[in-house]
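Student: Just dropping this structure here.
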Amino acid sequence: MKLKPILQAAAVAGLAVAGSVASAQTTLRIQTHYAPESVSGKLAAQFVDDVQTMSNGGIAIEMFYSSSVVASVETFDAAANGILDCDMTGGAYQTGKNPAFQFVGDIMGGYNTPYQQLSWLYHGGGYDAAQSLYNGYGMQLIGWWVYGQESFASTKPIQSPADFKDWKFRSPPGLETEIFANLGAKPIVMDFTEIFTALETGIIDGADASGIANNKSMGLYDIAKHANFPGFHSMPSDHLACNKDVWDGLEDYQRRIIDTAMQKLALQTALTFEKANAAAVAELKEQGVSIYTWSDEDLMTFRAAAQQAWDGWAAKTPEADALVKSHRAYLTQLGLISN
């Protein structure tokens, strides 16, 4: 066969593949609570670019930042009901549906690092345990992106558990409100997008918002001049969860690409925040923000209170009990708790 016919055949084959990809193109509508200018928002944008590039246009993503379609807590239902296709917030927003979502969203007082928490999901039996929970609500858990321990933003000192007395702070719904109320604080549940205004107007004294780099990028420390680092109380697992019918309707290559991009996002989130948080702390100190590092004794006070609260939540539903048992077994295996 001559070279010219070979090239012509290759060109025809290439056009056929391109036509196949174009005809199979899927657009996913995804909402995140993060602002596009935040560290996490930029990482989410990279995830979008990775998926679109690796799929060669087979998957297009329309990302809605700052919970611009529905409130953060409503994102899961919006995806389940078809208003959106996927939810990129976190499971802890859904504890009103089932307390078990607390233990796929924010374990509180459990793992020390993002890598340990991700390890439970992928190597500690967590993915299967969590998937049955999500599937029960018509959703598919795709993966997590965990940025590490959160830090507070506060207009008052937070040097020890004693400073929590009568401290009004923004809290996400769920287990956290119970733990901090028991420690004397006054948690107020409000949407992520309302934090800045609530601090500015004095409705709250402080906020549990995000990691210290995200908090800084949101401008919280322009108002709140007190923070703690490293964090200890909360390490949320932000998730990507999609409408199960939408997910099942994707081509195999499309699901594999999204899963691969999600695992890259998880690694890059952990690595990025390790650096970004340290840089943020140095800059905040220069700006006159007080940074408090808690003693081991004070940290244990919180961890004990948090882990004691797990049992009360485990008793609420069989799904919560199963997840708490799974975490306890893996935390014990890692040597982080004794039982």
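Throughout, read-outs are computed from the coordinates displayed, never taken from laboratory work. Only a predicted model underlies this, so the values are computations on that prediction, with no experimental measurement involved. Please note: Cβ atoms are built from the backbone with ideal geometry, for glycine as well, and neighbour counts cover all protein chains shown.
Student: How do Phe169, Phe64 rank when sorted from fewest to most other Cβ atoms within 10 Å of their own Cβ?
Tutor: Phe64, Phe169
Student: So which GluC sites (Glu not before Pro) in segment 171-211 pass both tests, a DSSP loop state and at most 10 other Cβ atoms within 10 Å of the Cβ?
Tutor: none
Student: Please work out whether segment 207-295 counts as rounded, prolate or oblate from its C-alpha gyration tensor, where a ≥ b ≥ c are the square roots of the eigenvalues and a/c under 1.5 means rounded, while otherwise a/b larger than b/c means prolate and anything else oblate?
Tutor: Because a/c hits 1.5 or more and a/b exceeds b/c, segment 207-295 counts as prolate.
Student: Using the number of other C-beta atoms within 10 angstrom as an exposure proxy, rank Phe101, Phe273 with the fewest first.
Tutor: With the sparsest Cβ surroundings first, the list reads Phe273, Phe101.
Student: Setting aside same-chain residues fewer than 8 positions from Lys186, which aspartates and glutamates have a Cα under 15 Å from its Cα?
Tutor: Hits, sequence-local ones excluded: Asp163, Asp166, Glu176, Glu178, Asp205, Asp208.
Student: Using helices alone, what [θ] at 222 nm do you get for the chain, with -39,500 (n - 2.57) per DSSP H run of 4 or more residues, divided over all residues and rounded to the nearest 500?
Tutor: -15000 deg cm²/dmol
Student: Using 0.36 nm per residue, how much length does the chain from Asp49 to Ala181 gain when fully extended, once their Cα-Cα distance is taken away?
Tutor: Working it through step by step, the gained length comes to 43.3 nm.
Student: A further question follows. With the cut-off at 1.5 for a/c, could you classify the chain from its C-alpha gyration tensor as rounded, prolate or oblate?
Tutor: It comes out prolate by the Cα gyration axes.
Student: What angle, in degrees between 0 and 90 and rounded to the nearest 10, separates the Cα long axis of helix 39-54 from the longest principal axis of the Cα atoms of the chain?
Tutor: Approximately 20 degrees, to the nearest ten.
Student: Still on this structure: Helix 114-123: angle to the longest alpha-carbon principal axis of the chain, degrees 0 to 90, nearest 10?
Tutor: It is inclined by approximately 50 degrees.
Student: Follow-up. For a quick check: sort Phe76, Phe164, Phe103, Phe192 by the number of other beta carbons within 10 angstrom, fewest at the front.
Tutor: Phe164, Phe192, Phe76, Phe103
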